[in-house]
Structure formats: structure tokens, C-alpha cells
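The values are calculated or read from the model by the stated rules, or taken from the named source; none is laboratory data. Here the structure is a predicted model, which is why all the values come from computation and not from measurement. FYI the Cβ positions are ideal-geometry reconstructions off the backbone, even for glycines, and counts take in every protein chain you see. Side chains included, ligands, DNA and RNA excluded: accessible areas come from the protein's heavy atoms. Shrake-Rupley method; radii C 1.70, N 1.55, O 1.52, S 1.80 Å.
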Amino acid sequence: MKHFKNTLIGIVFILFLVIATLTTWIYSQIDSALPQLDGKQTLFGLSASATIERDLQGVATIKASNRVDIALATGFVHAQERFFQMDLLRRNSAGELASLFGAAAIDYDSEIRRHRFRERATSIVSQLSATDSALLKAYTRGVNQGLKYLKAAPFEYLLLRQEPVEWQEEDTILTVLSMYIDLQYQDGKRERTLGLLHSVLSPEVFAFLNPQGSRWDAAIDGTEFPASSLPKAPWPSASSEYLAVYSNNQSRNKSFASAMPPPHTRAKPAQNEEFPGSNNWAVGGVISSTGSAIVANDMHLGIRVPNTWFRASFEYKDVENTNVKVTGATLPGTPNIIIGSNGHIAWGFTNSYGDWSDVIELETNADKSQYLTPDGYQSFIKRKQIIAVKGQEAVDITVTDTIWGPVIGEDSQGNLLAYRWIAHDKAAVNMAITEFETAKNVQQALAIAARAGMPAQNLMVGDKQGNIGWTIMGPIPQRSAMFGETPTSWANGENKWLDLLPPEDYPQVINPKNSRLWTANSRVVGDDMLKKIGNGGYAIGARSSQIKQNLEARTSFDEQALLNIALDDSAKFLLRWQDFILSKVLTDAMLEKHQEWHEVKDIIKDNNLSASTDSVAYRLVRNFRLNIRDQVFDIFNENMTKLDENYSFHTIRHQVETPLWQLINQQPENFLWRSHESWAVLFEVSLEKTLTEMTESTTLAKATWGKINISKIQHPLSRAVPFIGQWLDMPEVALPGDSYMPRVQGPSFGASQRMAVSPGHEEIGIFHMPTSQSGHPWSPYYGLGHESWLKGEVSSFLPGPSKYKLTLLSY
């Protein structure tokens, strides 16, 4: 017995030593992955010594003798702080995530591989200018030395049991192409959806569901387009050839609508209103407190740990030996300041949602081995792709190409579809944005924008002289004719892309009479300028309209006034829905039937409806609108999905607000796919559903907006390994704001930064950023700055006093 006891003690002691040793080793590995903040480090490729200073929050000031050395030092910093984030961005567009995460990523990689972005990125690198090439080489050299001089690989690779792969020059191009995937449709889904509707529905019904304008239009040139009228004939038309195609596959005596499952058995539709985009606005010097323009910008993206952006300030001498100082946000993986101010100009972006792609209907021979072109039939190009997969054998796939772009699938009639996308062009990416760092005025900035290679954005720029301007920044395709809203054939040569729009023809607005400009992903301009840009799925203009109203409500502005606009969570978009519930739903008859709804009426009589965390009224009105939309379009969406699995209501959800409002107010009897016997019943069911969802775990009086709009800002790995989230993720807190207001905010989506800055007056500028500079949870500034973003408190645009200083030596 004593021998057994001693043996047991020995085993426990050995296990303790093993666990202690393993824990110590893991701790040392994670600790060793922290970036070097102080001291000296020698870097190959520097022409002279450089310094990296960080303030209390880790905001970096990089000082070097020239722009190439800045690029090298920036690469070093990015790798030390954010290499895993950079790795995900390049793998995302290259279709190489499965080699990191295993079989779970095979489907995504297979879909992305059809774009052959790694091959295209290599081609882009080969044709860059000498200046751009030098920046890219220096940045790449800096990244790999930054990774090398970490004492251990970033901690994420330890958890994944992987080794990081060195950076290549084309990986920076892939990083930008990853933003194309985020900001534009990589699968043509919206155009395919419109194409299905156009083929299925009568012209008047299609026009009704695809309105060109709404009451929310807030274009900066004042153009307005009317909404379409309600269809007069019964719709959807049962005589459509597409419905006939469907009915051939169904029982002859079973109608299309009756083939639907009962409402209570249908999958609940997604109520996600997130819309990758942004807000920006500017005021001219004549109405600013500084006499210079003031530019505000908040870019709306998915928010995760670490944040998309990395704050930095660059100080160097340009080719004319002039001192340059530019401050703002960089994108790890690239050597540029993306948004910011250089003392002469300040600039920011919103996603443009122009028409930057086309779905092409291919006319094929009988066995689909060839497709018709203006030069006759051609064979498809088949390319083999090998997807490396962690933990298993590689997967071989074949992608199919045409002269116009990759084959992306079939339409509902079995016709093959190809995709022409500006992201496939060599002009898709270049380093022209670097020239913003030395631009002196609005005119120079607009000229640079017309030559830039990046996902096309609404550029908002203001200068020290008080001028403000807007244009599109990024390549714009020219079409041979007005087409592209729905899929078309290019077989006879009438439909095609010509050269890119020349810089001198770019749309622009400079110094409007009211000294105010704004954009928020909705239509910005009309007439000839709109013809050049097209419509790639604009947001409804609710945010733009509200920003415009806020700008028109004041006669003068400072940075705080512009920040206040960014923090505006008043629900002007929902005011008419609030009134609709009070006047059309909570009628005397309905209140008599549902006595408990008197409480609902009392709650939503809120005179200041806003997405504040303590508002029950906001949550109720918002969710009622979404449930009404689901009820109205439920059968319609089910039927469209049966016709074509690629139909996506999500891609057109914003534009249907206008026809939805017309339907519920005019309540036509010729809408055949209403899922209830009367409109009144539909309204009643929608409110019942809203209240049931809100009171599932609490009383109505306590069912505030803050109970469901709770931040969920996570590190990518904590979703897969939840227990590590307590160290990696940001605290969960109730958030004000939502989708259709300036303060865009969801649990893990919203303002990835906020900025208000006047060029030449950066010392009083404001900058917010969620999460923090660091990607390492043991960093001394991990999470710092997040609180200011949460609360909307003023925080400095410029870096604070230096707390850490690293000197980079050349050799």
C-alpha cells in the first residue's frame, strides 16, 4: 500500500512538472511574440536610421529620411503588431484559408479561386511603376524582418499549430483585392437577382420593385428620381414563362403559391441590415471655425480584434527635400495612409456602390463546350487549382474562364454565366494613394483619385484654403451602351467594356454654393455623372438625408459639431413607421381585441425616437418594420428561391423599402402572394410576432434596444476556441445606434473609425478607433482607445507624447 501511495505521488509530481513545463513554455512563446517597443534594431535596406515612437495607446510615429524608408519601417511595425491579420487578408483573396483552418474553408476557397487573384496580383506587381515597385519591395522587406525579429511567431500560429509564411510583394496587392471582396460583389449575386426578377415579372412590377428613387434621396447635386407606381394588373403574373418552367416540375394541379410550406414551418429570414459602407461629409472654410475645410469620416465594416486599421503618423522628406508629415489610418498589409490629413488636405472614403461588374449570359453550343463571341464560338479555358488543406490531402478543383472573365454558375434556365469585374483588371490596384501624402489642395487630390487603383470609393477631401470636393477614387469602366443592371449577352459585340474612363472625364463636385458635401453609400449625383458611375446597389438615402439635415441645421462648424453628427442615433427613418403603428395598427378595434396593446401604444408615443440603449420604443418600431417586410415578401422570396437558388433578397433589401411602404399604405388586392387573408391581419400578426420575440425572456417594459444590440467584438480564433475569448475579446456592452442613421452600430459591425479633422489644425482633430492598435492581448496598450470609441468621447487625432522609442539602424 505504501509502495502504491509513493508511486501515485511520483506520478502526480511528474504530471505536475509536465504541466508546469508546458505552461511555462506556452507562456514564454506568447510573451516572446510581443513587438519590440524600445531599444535598437538593425534592418537591411534602410538608407539611414529611422525611429518608431509610440504613444500610450500605441499610435506609431514613424520618422525616416525618405518615403522608401518609411515603407520599410511601416512593414516592420505592421508585421510585429498585426501579421496574423495581414495573413488572413492575403489568404482571403487568394483562396488559401484552408491551409490555415482546414476543411471548413474549402468551399470558400473554391469559390474565390475562380478569380485567380494570386496570379492577377503577380501580374499587377510586374507592371507597377518604378516608384510603386520600390515602395512595395521596401515594405515587403520590412514585413519579413519584422516577423523575423519577433522572438516567437504570433500567438495565433501557436494555437493553430502552424508556421507563418513570409510576405511577398504580391501579398500587398492581395490585401487590396481582399477589400474588393468586402466592398463589391464577387459573385454577381445582386445582378443575378435583378435578372431573375426582370425575367419573371412584368415590366411594371419589375420597375415597382426596383425603384430608381425614393423620398430619402439626398444627392449632393440635388437630383431626385420618383418612385415607381403600384402595378395595376394582378401580380406576380401566373403567365410568366419562368413560372411555367417551374410548374412543369410540379404537379399540374398544384399552383405555384400552394406549393409553399405553411408559414410556421418556413425558415426564419435573416433580419441583418448591415451594409458595408461608410459616412463622410465636409464643410468649407467659410463656415468652419478654423477657416480651413473640416472633413469627417466613419467607415462601416465588420469590427473584430484587432481592428481593420492601424493608426500611424509618417514624417519624412519628399523628393523635393520638403518636410512631410501625414497622420491617419493605415491598412496592415499595405504601406499607405488610407485616410487622414497631411497639413494641406484631409480626406476620407465611403463605398461608392457604383456598377463595377457585369454578369454575362453565355450563348453556348449544345454540349456547352463552347460559347459564342463576336469572333465566333470559342472553347472554355479550364484551369486546375490546387487547394492546400490543413490536416488532409490537397483538393484539386478546376475553374472555367472565358475571354470576359470566369464562369460563375448558371441562371434559372440553365444558361452559363460569366463575370466581368473591374477587380480582374491590372488597373485594379496601384500605389497612387501614396501621392495624397504630398498633395497640397483639393484639385491635386481629385487628379490623383482619377488615376488610383483601389475599390472605387466616394472621396471626400478638403484643403487648408477652405476648399472641399467629391469624386470617385478608383477605376471606372466605360461601357459601349447603357446595360449592366441585369445579365446580358455579349455574343454579338454590342455589349462590351471599352477602355477605362479617362481622368479628365471623372465626375466631381467642387465647392458647392452651400459649402457642404456628404455621402453615405446612397446615390451621390444624377444625370451624366450617374451614367458614368451606374448603380451597383445603392443604400437607401436615410443616412445621407439625415446627415444633410444635420449639416443644414447649423451655420458654422468645428470638429466637435461634425463628430456630433457621427454620433446621431435619432431614428428619423422610422418616424413614419412609428406613426403607421399608432394610426393604422393600433386602431380602436384592434385595441378592443388586444387590451394588452394599450401598453404598446403608451410606449411608442415617444417624441424623440432614437436607437438609445434604454429605448423600448425604438426596438419595437424597428422590429415591427422588419417583421412586416418578412410577412409581405415571405411567399415571394420562397418562390424566387425555388426558381433560382442564387436569388438573394438580402442584396435588394434596402431598395424594397419604397415599394413596401406603398404596399402597406395603399393595401392593393392585386398583390397575389400575400400570406394573410387581409392586410389588417398581416399587420396584426406582425405586431404579435414582434411582441412575442421581445417578451420571450423579459417584460415589454424592459425589452430595450440595449438588450439585443450588445457588442460582440471578437478575435477570429475565439469563435473557434471560445474559452480564450476572455483574454482576446472586447467586453460586451450595450451599444446605441443602428443601420439607418449616422451612428451605424451593430454587435460586430459599425464605425471601424471616426475622424473629424481640419488640415493645418490637426492638433484639435478627433479620432476614434475600436479595439486598439495591438493584436496581442499582453500588449501594454491592448484595448486602449476602445472606451473612447464606445462612449463617443473626444480623443486626439494626433499621436500623444512618446512613451516608447525604437531606433532602426541601417546596414
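Quick rundown of the values:
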item	result
Looking only at segment 554-563, and only at residues there that are open to solvent by less than 50 Å² (accessible area, probe 1.4 Å) and either assigned to a helix (DSSP H, G or I) or modelled with pLDDT under 95 (or both), the one that is farthest from residue 695 (Cα to Cα)	559
Test result for residue 49, of a type outside the set (Asp, Glu), open to solvent by 10 Å² or more (accessible area, probe 1.4 Å) and touching a residue at least 12 places away in the same chain (Cβ under 8 Å)	yes
Tally of residues being of a type outside the set (Asp, Glu), at pLDDT 95 or above and either open to solvent by 30 Å² or more (accessible area, probe 1.4 Å) or closer than 14 Å to residue 489 by Cβ (or both) across segment 408-418	4
Given (1) at pLDDT 95 or above; (2) more than 30 Å from residue 463 (Cα to Cα); (3) not hydrophobic (A, V, I, L, M, F, W, C), index of the condition residue 605 fails	(1)
Candidate set: segment 113-150, residues that are of a type in the set (A, V, I, L, M) and more than 22 Å from residue 82 (Cβ to Cβ); chosen: the one surrounded by the most Cβ atoms within 10 Å (Cβ to Cβ)	124
Residues that are of a type in the set (Gly, Ala, Ser) and either free of Cβ contacts under 8 Å to residues at least 60 places away in the same chain or closer than 12 Å to residue 459 by Cα (or both), drawn from segment 342-358	346, 348, 352
Unique match (being more than 30 Å from residue 350 (Cα to Cα), touching a His at 6+ places or on another chain (Cβ under 7 Å) and open to solvent by less than 30 Å² (accessible area, probe 1.4 Å)) among 691, 682	682
Given (1) open to solvent by 20 Å² or more (accessible area, probe 1.4 Å); (2) of a type outside the set (A, V, I, L, M, F, W, C); (3) on the phi > 0 side of the Ramachandran plot; (4) within 22 Å of the chain's Cα centre (by Cα), index of the condition residue 792 fails	(1)
Options 193, 223, 175: the member that is under 25 Å from residue 659 (Cβ atoms), open to solvent by less than 10 Å² (accessible area, probe 1.4 Å) and modelled with pLDDT of 95 or more	193
Complete set of residues in segment 64-78 that are crowded, with 24+ Cβ neighbours inside 10 Å and farther than 12 Å from residue 52 by Cβ	71
Residue check for residue 532: charged (D, E, K, R) and either free of Cβ contacts under 8 Å to residues at least 40 places away in the same chain or farther than 14 Å from residue 356 by Cβ (or both)	no
The lone exception for residue 393 - which of (1) without any contact (Cβ under 8 Å) to a residue 12 or more places away in the chain; (2) part of a strand (DSSP E or B) it fails	(2)
Evaluation of residue 435 against (1) over 24 Å from residue 313 (Cα atoms); (2) open to solvent by 10 Å² or more (accessible area, probe 1.4 Å); (3) not aromatic (Phe, Trp, Tyr) (one fails), failing number	(1)
Enumeration of residues in segment 465-486 that are within 24 Å of the chain's Cα centre (by Cα) and assigned to a loop (DSSP other than H, G, I, E, B)	474, 475, 476, 484, 485, 486
Pairs where the first residue, in segment 576-604, is polar (S, T, N, Q) and the second is open to solvent by less than 50 Å² (accessible area, probe 1.4 Å), C-beta under 7 Å, 6+ apart	578/604; 578/609; 578/621
Matching option when the condition is over 30 Å from residue 467 (Cα atoms) and among the hydrophobic types (A, V, I, L, M, F, W, C), among 445, 423	423
Selection count, segment 487-525, where residues are among the charged types (D, E, K, R), closer than 21 Å to residue 347 by Cα and in a loop (DSSP other than H, G, I, E, B)	2
Test: residue 346 is under 26 Å from the mean Cα position of the chain (by Cα) and farther than 30 Å from residue 777 by Cβ	yes
Test: residue 57 is modelled with pLDDT of 65 or more, within 24 Å of residue 84 (Cβ to Cβ) and touching a strand residue (DSSP E or B) at 6+ places or on another chain (Cβ under 7 Å)	no
Near pairs, Cβ below 6 angstrom, 6+ apart or cross-chain, from segment 658-685 (free of Cβ contacts under 8 Å to residues at least 24 places away in the same chain) to any residue that is of a type outside the set (A, V, I, L, M, F, W, C) and assigned to a loop (DSSP other than H, G, I, E, B)	679/667
Enumerated helices (runs of 4 or more DSSP H) restricted to segment 564-645, each holding at least 2 residues that are of a type in the set (Val, Ile, Thr) and over 30 Å from residue 195 (Cβ atoms)	597-604, 616-643
Residues of segment 323-341 satisfying the condition of being in contact (Cβ under 8 Å) with a residue 24 or more places away in the chain and farther than 23 Å from residue 133 by Cβ	327, 328, 329, 339, 340, 341
Positions within segment 716-732 being charged (D, E, K, R) and either open to solvent by less than 100 Å² (accessible area, probe 1.4 Å) or touching a helix residue (DSSP H, G or I) at 6+ places or on another chain (Cβ under 9 Å) (or both), in sequence order	719, 729
Long-range neighbours under 6 Å by Cβ, at least six apart or interchain, first residue touching a residue at least 24 places away in the same chain (Cβ under 8 Å) within segment 439-454, second among the aromatic types (Phe, Trp, Tyr)	450/506
Count of segment 591-630 residues which are within 21 Å of residue 684 (Cβ to Cβ) and open to solvent by 30 Å² or more (accessible area, probe 1.4 Å)	11
